[in-house]
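Notes to accompany the following structure.
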Amino acid sequence: MKKRVVSLALALSMVAGLTACGGNPEGGNAGANGGYVAEGEEGKVINIYCWNDEFRTRVEAVYDKVDHTSEDGTITYLTDGAEIHWTINPNQDGVYQKKLDEALLNQGSAAADDKIDMFLSETDYVVKYTDAEADIAIPLTELGIDPEKDLADQYDFTKTVASDANGVQRGSTWQACPCLFVYRRDIALDTFGTDDPDEIHALCSDWDKMKSAGEELKAKGYYTFATYADTFRAYGNSISAPWVEEGSTEINVDPQIINWINDSKEWLDAGLIDSNIKGQWTDDWNKSMSSESKVFGFLLPAWGIDFVLNPNWDGEAGAWAVTDGPQAFNWGGSFVHGCVGTDNAEHVKEIMLAVTADKENLMQITKDYLDFTNTQSGMEEIANDESFGAEFLGGENPFKYFQPAASSIQMTTLSPYDQGCVELIQSSFGDYFQGQVDFDTAKANFERAIKERYPEITAVNWPE
Amino acid sequence: MKKTKSISRAKWGYICILPFFVTYFIFSFLPLVDTIRYSFYEYYRSGIRTIGPNFVGFDNYISVMGPDFFTYLKNTFILWIIGFVPQIVIALLLASWFVDARLKIRGEQFFKVVIYLPNLIMASAFAMLFFTLFSTSGPVNSILTNLGLVNGPIDFMGTPTGTRLLVALMNFLMWFGNTTIMLMAAIMGISQDVFEAASIDGCNPRQTFFHITLPLIRPILTYTLITSLIGGLQMFDVPQILTNGQGNPNRTSYTLIMWLNNLLRAPDYGRAGALSVYLFVVSGILCIFVYKMVNRDDEKKPSRRLKRN
């Protein structure tokens, strides 16, 4: 009897799906049946998952069917009567992925208007969603987009990143994200007597030179960078092998990461970095971009200048300038995917083409938002356009520097674990930089944290 | 006739309390059973793939019960105790002042509301507020610097002591009002005659407090201790928000529930389930321990009194 009661209880709990562990563990396997797209008429609600309003502003700017967006920014009405519903969750701490994953697990059973139609992913975890086995993101060809033809003008590395292991492209992006050194002109004039981008570049063309320039800045009371995290991407995105090899459950810490740890400690101890600012995306970090701050510069991609630096800057436009940093690297990039099971395939295709493939639209985004967009020919034109200048950068044309940087980018070392590794190595070694723990404790803390985040990880290998 | 009537009344009584039991069964009991069940399984998500559930016996229990478990348990207790001690002391003091007939504090109602107010703020919002207030470029540091009290900004959240004290301060602020009001109710429940008799016998306020008030409110004190202990064991939102889920520096403010949260975020239902079962056992043991301790004291007390008399 007792047994029967318990088994009944368990059966009930499974059926009700009310427990924390309920839900059907089905990845979107709709593709296995051959149908990526729901049959029947085009739905009226397009659900898009993303982590900020960046994509929405891009869609509003270039998608010709956009009528208007509601005041609170959650619904965009289209002229043909359809509505785009935006679901926004913050990217930090894996929140966005968690919410997206939960929704994806219910994708099979959700009503047509509740199904996700499109979602965005960031370079740090794009691999997780373009995975052929997971089969969540619709191959572009299934949507009627031919990458060879329609996306011919895109940068090659963005196409590689958005493809699964078999080379099937499952996403597209409107931006490429080469990073440059953005610096304050007034601080440059005060310290080096010049704010000319080429002369500043000569001072920071490699890390050693940058360090000696940092000493000069320090003598004047300035910091070279705001936080040790500011240089992380320069090292972390130029690793020679992925954090986790395909099919492996072991994390390999790249020697470049150790270089970052050692250099950051050295710079911090030398007083070249503000030790009060602990990581990016914090209030202190935002304040370090204000006119009161003593921070000389940041390594930022185009979106960083538009989306991070510009809103935090409270002085007059034209106070900043860009030049090549010590190392070319890519940071970020938002990929747009069609989600398996969508009932709005036509809209998905249109939006994707409008935002990521149409050169005119991309150029408009570039001019409106200073974004480095995914059109090789367009970026080349604008880089050579003497008349183009960004007001925020005092009339300087940043694409003169972005364009060559973008063409040198290679991205072959992505793994689905990147976001966790990147976030946790920074927070674990933050204690080491602040002098709270020794190197080995920080290593142990990273191992603990990463195994919590990814239960399947069995070991962490450190370089000799 | 009479008999049937009484039976039907009882039936209605059961029907009236049924909704509670049904909701409890569905929303609390079943998940509880499931949690225990999954603690014996390997069951987690890797990316968007689900691994398991595969039965693994006690593997999860063994993997959770490492040295880390005791470190986080210790953290949790330290955070709780440094918040609870000032909380109970201040609450006792305030409660006995407020109800003291001879002090006649004016605006008692007003103060009661004010000290309870922090409890109305969501803990996460409160933590967010403190995070901003005490950040290195925050208002507290600006004030201290402008007053000339410190040279550079103090890194409150950069040291284990600083972070722990902040957590304790927040818990103290949030809960001392609640405790005060509860203790006031307890003290007001004591017959005024006893206090009068004491003052006629020449008791000074301190003696009254230690020899009359304290012993007589012991049951409520016990209740406060138990609820606070269980609440403390489940401490989560304040340190989670204040330290961004990492319990930094060096995981010194990392509590057991923060660990559970991190396991669930993966989500690793197996190990999270095992940890939950451990927590269940620990709180059960604590409850029994405290309860037994207090009851034993209660039994001893009359005999002691008799002897003294």
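Every read-out reported here was derived from the displayed coordinates using simple, explicitly stated rules and does not represent laboratory data. Computed from a predicted model, the values in this text were never measured in an experiment. Please note: Cβ atoms are built from the backbone with ideal geometry, for glycine as well, and neighbour counts cover all protein chains shown.
Structure notes:
- Here's how it looks for A:Ile46: its modeled amide H is under 5 Å from those of A:Glu83, A:Ile84, A:His85, which are all 5 or more places away or on a different chain.
- Using the Cβ-Cβ distance between A:Ala165 and B:Ile90 with R0 = 51 Å, the FRET efficiency computed as 1/(1 + (r/R0)^6) comes to roughly 0.25.
- By the beta-carbon count within 10 Å of each Cβ, the least crowded to most crowded order of A:Cys177, B:Cys16, B:Cys203, A:Cys50, fewest first, is B:Cys16, B:Cys203, A:Cys50, A:Cys177.
- Working note: 222 nm ellipticity from helices only, DSSP H runs with n ≥ 4, each -39,500 (n - 2.57), summed and divided by the residues of chain B, gives -22500 deg cm²/dmol to the nearest 500.
- For the range B:43-79 versus the range A:327-360, the spacing of their alpha-carbon centroids is 38 Å.
- GluC sites (Glu not before Pro) lying in DSSP loop within the range A:47-120, provided at most 12 other Cβ fall within 10 Å: A:Glu71
- Cα gyration tensor category, rounded, prolate or oblate, for chain A with a/c compared to 1.5: oblate
- Spin-label model distance (nm) - B:Lys292 vs B:Ile190, 7 Å beyond Cα toward Cβ: 3.0
- Between A:Asp153 and A:Asn310, the distance separating the two model label sites (each 7 Å from Cα on the Cα→Cβ line) works out to 2.1 nm.
- In Hz, Karplus ³J(HN,Hα) per residue of the range A:440-456 (6.51, -1.76, 1.60; θ = phi - 60°; x = Gly, Pro): 5, 5, 4, 4, 4, 5, 5, 4, 4, 5, 6, 6, 5, 5, 10, x, 7
- For the range A:80-96, the residues whose amide N sits under 19 Å from a probe point set 7 Å from the Cα of A:Glu71 along the beta carbon direction are A:86.
- C-alpha center-to-center spacing [the range A:369-429, the range B:214-241] in angstrom: 53
- Residue separation of A:Asp80 and A:Asn262 scaled by 0.36 nm, minus their Cα-Cα distance, works out to 59.8 nm of gained length.
- Relative exposure of A:Trp174, A:Trp260, judged by other C-beta atoms within 10 Å (fewest first): A:Trp260, A:Trp174
- Fewest-first ranking of B:Leu165, A:Leu104, using other Cβ atoms within 10 Å as the exposure measure: B:Leu165, A:Leu104
- Measuring gaps between exposed loop sites in chain B (trypsin sites (Lys or Arg not before Pro); DSSP loop; at most 16 other Cβ atoms within 10 Å), the longest gap, sites not included, is B:107-309.
- In this simple spin-label model, placing a label point 7 Å from the Cα along the Cα-to-Cβ direction at both A:Gln364 and B:Ser63 gives a separation of 5.2 nm.
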